[in-house]
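J.: Got a structure for you, questions after.
The values are calculated or read from the model by the stated rules, or taken from the named source; none is laboratory data. As the structure is a prediction and not an experimental result, all values here were calculated from the model. Because the Cβ atoms are built from the backbone with ideal geometry, glycine has one as well, and the counts that use them run over all protein chains shown.
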Amino acid sequence: MTVAPGADTLFVVGSALRGGSRRGATAALGIVAGGLVHIGFATVGLSALIVRSALLFGLLKYAGAAYLIYFALRTLRARDDDPAAPAAVPVSRRSIFAQGFLTNALNPKVALFMLAFLPQFALPAHGPVWRQLLLLGGLWYGTSLVYLVALGLAVGRLRRLGTPPRRVRAGFRYLTASIFLGLGIRVALPESR
């Protein structure tokens, strides 16, 4: 599940392609920090409350959808990092970390996944369930951290071999924006039962 391509992978790859290994690793750290919010919520039972409360779930859902759509539009408007082009306004690593954090923390699908998936592996006979959920969530995001940071570092190193052609960069930008826009629309749509 960790290596399945998705919004997290695209965000890390895009950040590394635009800014190098450090930005890719920073994006990964932001994503994992956002996931820790969901681990904390699942551990103390807030995720169950959010899922049971239509208002709270709706607020989280639409905030997440709005952020994903905003990120897609911002990605579309971004300029390529062309060495011949005038210098663009640099994006700080703090900003990349915050974007990764918000992308994951505002995604209600992650909260639903935590509630649907992790409890299957928690057994009351093995101690407090909250402790097991904390451990399982920590293991999940620990493996995600290793994978995403390694991915960001690898893509950043590949970037050193040379800047991809403008068409490749534009294609990746459009693909990334399309996926984030699709995810935002999907999150905003009502669930079919």
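J.: Checking Val149 against (1) without any contact (Cβ under 8 Å) to a residue 24 or more places away in the chain; (2) under 30 Å from Ala66 (Cα atoms), which test does it fail?
T.: Looking at each condition in turn, Val149 falls short on (1).
J.: Can we say Ala85 is at pLDDT 80 or above, over 25 Å from Ala188 (Cβ atoms) and surrounded by fewer than 18 Cβ atoms within 10 Å (Cβ to Cβ)? It would help to see each step written out before you state the result.
T.: Values: at pLDDT 80 or above: no; over 25 Å from Ala188 (Cβ atoms): yes; surrounded by fewer than 18 Cβ atoms within 10 Å (Cβ to Cβ): yes.
Judged against the criteria, Ala85 is not a match.
Yes/no matrix, rows are residues, columns are (1) small (Gly, Ala, Ser); (2) part of a helix (DSSP H, G or I); (3) closer than 28 Å to Gly58 by Cβ:
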| site | (1), (2), (3) |
| --- | --- |
| Met114 | no, yes, yes |
| Phe117 | no, yes, yes |
| Gln120 | no, yes, yes |
| Tyr141 | no, yes, yes |
| Leu148 | no, yes, no |
| Gly152 | yes, yes, no |
| Arg159 | no, yes, no |
| Phe172 | no, yes, no |
| Ala177 | yes, yes, yes |
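J.: Let me confirm something: among Gly34, Gly58, which residue is over 30 Å from Arg159 (Cβ atoms) and either loosely packed, with under 14 Cβ neighbours inside 10 Å or modelled with pLDDT of 80 or more (or both)? Spell out the reasoning first.
T.: Numbers: Gly34 fails: over 30 Å from Arg159 (Cβ atoms).
Just a single option satisfies the conditions, and that option is Gly58.
J.: Another question, if that's okay. Yes or no: region 124-132 includes at least one residue that is crowded, with 18+ Cβ neighbours inside 10 Å and closer than 20 Å to Ala7 by Cα. Write out each step before concluding.
T.: Residues of region 124-132 crowded, with 18+ Cβ neighbours inside 10 Å: 132.
Then keep just the ones that are closer than 20 Å to Ala7 by Cα; that gives none.
So far as region 124-132 goes, no, none of its residues is crowded, with 18+ Cβ neighbours inside 10 Å and closer than 20 Å to Ala7 by Cα.
J.: Return only the number of the condition from (1) at pLDDT 85 or above; (2) farther than 30 Å from Gly58 by Cβ that Pro124 does not satisfy.
T.: (1)
J.: Another question about this same structure. Based on this model, can you work out whether Val13 counts as at pLDDT 85 or above and under 24 Å from Ile185 (Cα atoms)? Break it down stepwise before answering.
T.: Details: at pLDDT 85 or above: yes; under 24 Å from Ile185 (Cα atoms): yes.
So Val13 fits the description; yes.
J.: Let me ask something additional. Mind listing whichever residues of region 121-146 are of a type in the set (A, V, I, L, M), without any contact (Cβ under 8 Å) to a residue 40 or more places away in the chain and over 25 Å from Ser15 (Cα atoms)?
T.: Scanning region 121-146 gives Ala122, Leu123, Ala125, Val129, Leu135, Leu136.
J.: For region 135-193, give me each residue that is farther than 22 Å from Ala25 by Cβ, over 14 Å from the mean Cα position of the chain (by Cα) and of a type outside the set (A, V, I, L, M, F, W, C).
T.: Correct list: Pro165, Arg166, Arg167, Gly171, Tyr174, Ser178, Gly182, Arg186, Pro190, Glu191, Ser192, Arg193.
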